[in-house]
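Encoded as structure tokens, the structure appears first; notes follow it.
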Amino acid sequence: MHNFITYYLGAGFLASLISSVLPIVFVLGYALVAMYLELKVSAHMQDRLGPMRTGKWHGWAQPLADVVKLLQKEDTIPTAADKLLYILAPLLVFMGSYAAYAAIPFSPAYIGADINLGIFYIIAVSAIVVLGILMAGWSSDNKWSLLGAMRTAAQLVSYEIPSSLAVLAVIMVAGSLNLNDVCAAQTGWFWNWFIFGKFPFLFITFVIYFIASLAETNRSPFDIPEAESELVAGYHTEYSGMRFAFFYLAEYANMFTVAAVAAVLFFGGWNSPFGTFMSGPIWGAFWLITKGMVLVFIQMWLRWTLPRFRVDQLMYLSWKILTPFALADLVAVGLWTVLR
Amino acid sequence: MNPTARYFRNIGKGFSTVLVGMKVTMRHLFTPAVTIQYPDARMSIPERGRNRLYVNMDDCIGCDQCAMACPVDCITIETAKSLSTEDLGVTSTGQKKRLWVTQFDIDFGKCCYCGLCVPPCPTECIYMTSVFEFSDYDRKNLIYSFITLTPGEVAQKVKQAQQAEREAAAKKAAASAAAAAQKAAQAAQKPAPTPEEATQKPAASTAQQSTSSDSPGKQEDKKMESREAKPGQEPTSSAGDNPHESKTD
């Protein structure tokens with residue numbers, strides 16, 4: 001099956017435009033849902049009610065109200081800030097998170113760019129986010145921002161190693177870097193998913209990837225870059241209004257990116273869990289988004305369960321636990337694949 | 001324990017404790033919230049909760065005991081004596097009302113909700129309600145007036161009380177002057193004790209007006225007034241005596 005946009009519109013400019021704009025429509029809608037989910041999940045896990053007024057029914061319009069508020073807010077730039085970098089940083093961060101959507105196969109009939117380096121591209125392009133965050137922290141001319149940015153850089157660089165090693169183990173089994181092919185390799189019932197493959201090695205791989213991806217999205221318990229109790233808000237302390245909204249959107253976009261990648265690598269991506277039942281281009285999008293949202297929910301669940309790591313604990317977890325385990329896992333999966 | 005074993009043990013412990021924590025939060029996700037949507041839903045106020053005071057003026061005898069008990073002086077009471085021809089009725093506890101309450105203000109901006117004014121009340125007419133939402137934009141609006149008389153009535157009652165007081169004082173002065181004259185007539189040589197008698201009249205009239213002034217120096221006056229107003233205690237010490245007269249002694 002091929003990309004339905006190129007099928008109907010050819011490979012011209014219009015097709016590329018629609019292909020590139022389609023994910024942002026999804027990201028904006030998803031961000032609203034995820035914001036609402038986060039508010040409600042956090043509230044109910046703490047035995048609170050959360051927003052209940054906005055829009056009458058259980059505060060469903062709260063994210064809309066938040067967005068409208070952010071858009072109306074005054075856009076402040078500190079006088080001592082490096083203006084060019086300051087303005088560029090949120091764009092770069094969002095660009096880095098959004099670019100990853102190009103290689104995510106939403107459905108067997110839709111993938112932004114069906115390139116054979118899919119997952120490699122996602123890992124590479126996500127690294128731009130670090131640059132944007134460093135720029136934001138440096139240009140703000142604020143000690144909290146700078147400290148937050150330094151922590152982010154250290155954290156993201158450390159956790160990219162276990163996450164890349166984990167991805168590599170799956171790639172060895174699937175035999176392709178193209179995420180569409182990785183999905184296709186898991187077709188059938190849910191026991192064909194890679195999370196159950198080479199048991200238990202790919203399951204351990206999934207756990208490693210999930211922990212590392214939490215750290216890469218700066219989510220709690222790895223949110224030391226924005227640790228509100230010690231760093232005000234970390235690298236986006238000085239940002240307000242629209243620019244802050246970009247950071248916010250980028251964080252939620254990132255959450256879904258890592259969740260979608262985990263869904264593709266370990267949970268069959270757009271495959272239905274029940275063989276050919278409920279499968280097809282539209283159901284494919286449904287399954288990928290559902291799996292992604294479940295993983296996003298688990299990220300939130302962990303956020304409201306665990307307290308924040310200390311910096312040394314963070315480094316210990318990455319270098320002394322995740323990396324050696326990922327390496328050992330890689331060797332085990334590699335041997336299994338070769339000696340099959 | 002050797003370091004390797006500890007390393008693996010720590011990892012195992014880390015995972016198991018995270019799962020325990022996740023179980024706890026998942027359980028709480030489905031337990032009903034402990035918070036309520038306040039203006040729509042309310043918690044019940046404890047039976048003995050101390051909130052806004054209320055004064056049932058039908059039962060108030062103007063004894064000023066609550067104002068005296070108040071540690072922050074937020075209660076202001078002024079009274080005027082009723083005429084002997086007027087009948088103010090009795091309270092629900094059966095006490096006869098003798099004073100017109102011309103002012104009964106409670107300043108809730110000052111009130112500390114200690115509840116000390118409630119127990120002294122002989123007729124139990126001042127008590128705590130369960131109303132606690134009465135914030136206001138202006139501090140003046142927190143001064144609650146409980147009197148049932150209209151301003152016109154208040155002026156009239158004060159005036160008639162003053163007049164009655166003056167008449168009584170004049171009568172008394174006349175009587176004592178007559179008695180003095182009689183005494184003088186009897187004793188012939190002795191000069192009349194005028195200076196003491198002359199001061200009695202103005203002193204008596206000021207005592208009537210200063211019933212409820214807040215200055216601590218007038219505390220004595222208040223006590224006298226309250227004793228006079230409280231029917232149960234009246235006949236004990238100065239039976240039949242005019243309290244105003246005893247004050248000037």
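What's the exposure ranking of A:Tyr110, A:Tyr252, going from fewest to most Cβ atoms within 10 Å?
A:Tyr252, A:Tyr110
State, in angstrom, two size descriptors of region B:1-98 derived from its alpha carbons: Rg to one decimal place and Dmax to the nearest whole number.
For region B:1-98, the Cα radius of gyration and maximum Cα-Cα distance read 32.6, 103 Å.
Among the listed pairs A:Lys143/A:Lys320; B:Lys97/B:Lys159; B:Lys81/B:Lys172; B:Lys97/B:Lys157; B:Lys159/B:Lys183, which have their C-alpha atoms separated by more than 25 angstrom in this model?
Pairs exceeding 25 Å: A:Lys143/A:Lys320; B:Lys159/B:Lys183.
How far is it, in nm, from the label point at B:Gln162 to the one at B:Met22 when both lie 7 Å from their Cα along the line to the Cβ?
8.4 nm
At a Förster distance of 51 Å, what's the computed FRET efficiency of A:Lys73 paired with B:Leu83, Cβ-Cβ distance as r, to 0.05?
Plugging the Cβ-Cβ distance into 1/(1 + (r/R0)^6) gives 0.15.
With +1 on the Cβ of every Lys and Arg and -1 on the Cβ of every Asp and Glu, and nothing else charged, how large is the dipole of region B:53-145 about its Cα centre, in debye rounded to the nearest 20?
Dipole magnitude for region B:53-145 comes out near 200 debye.
Residues of A:301-310, mean number of Cβ from any other protein chain within 10 Å of their own Cβ, rounded to a whole number?
Mean partner shielding for this stretch: 3.
Only helical DSSP H runs with n ≥ 4 go in: add -39500 (n - 2.57) per run for the protein assembly as shown, normalise by residue count and round the 222 nm mean residue ellipticity to 500 deg cm²/dmol.
Value at 222 nm, helices only, nearest 500: -18000 deg cm²/dmol.
Tell me, rounded to the nearest percent, the portion of alpha carbon pairs in the protein assembly as shown spaced more than 43 Å apart.
49 percent
In square nanometres, what is the average projected area of the Cα convex hull of region B:57-189?
Orientation-averaged projected area of the Cα hull: 12.1 nm².
Just to confirm my numbers, what's the Cα centroid distance between region A:40-65 and region B:140-172 in Å?
Between the Cα centres of region A:40-65 and region B:140-172 lies a distance of 58 Å.
How many angstrom lie between the Cα centre of region A:103-168 and the Cα centre of region A:279-340?
So the separation of the two Cα centres works out to 15 Å.
Charges at C-beta only: +1 for Lys and Arg, -1 for Asp and Glu. How large is the resulting dipole of region A:1-152 about its Cα centre, in Debye rounded to 20?
Dipole magnitude for region A:1-152 comes out near 360 debye.
Dipole magnitude of the protein assembly as shown about its Cα centre, charges +1 at Lys/Arg Cβ and -1 at Asp/Glu Cβ only, in debye to the nearest 20?
Once rounded to the nearest 20, the dipole reads 1160 debye.
Quick one: give the max-minus-min coordinate of the C-alpha atoms of region A:73-338 along each principal axis, largest first, in Å.
In descending order, the Cα extents are 59, 40, 32 Å.
Taking only Cα atoms, what is the 0 to 90° angle, nearest 10, from helix A:281-303's long axis to the longest principal axis of chain A?
50 degrees
Which whole number gives the average, over all residues in A:52-61, of C-beta atoms from other chains lying within 10 Å of the residue C-beta?
1
Give me the Debye-computed log₁₀ of I(q)/I(0) at q = 0.14, 0.27 Å⁻¹ for region B:129-186, equal point scatterers on Cα only, no solvent, two decimals.
Here log10 of I(q) over I(0) equals -0.67, -1.04.
What ³J(HN,Hα) values, in whole Hz, does the Karplus curve 6.51 cos²θ - 1.76 cosθ + 1.60 give for region A:60-66 when θ = phi - 60°, with x put for Gly and Pro?
Each residue of region A:60-66 in turn: 4, 8, 4, x, 4, 4, 4 Hz.
Readers should treat all values here as calculations from the given coordinates under stated rules, not as data from a laboratory. On a predicted model such as this, the values are computed, not experimentally measured, just so you know. No Cβ is skipped: glycine too gets one built from the backbone with ideal geometry, and neighbour counts run over all protein chains shown.
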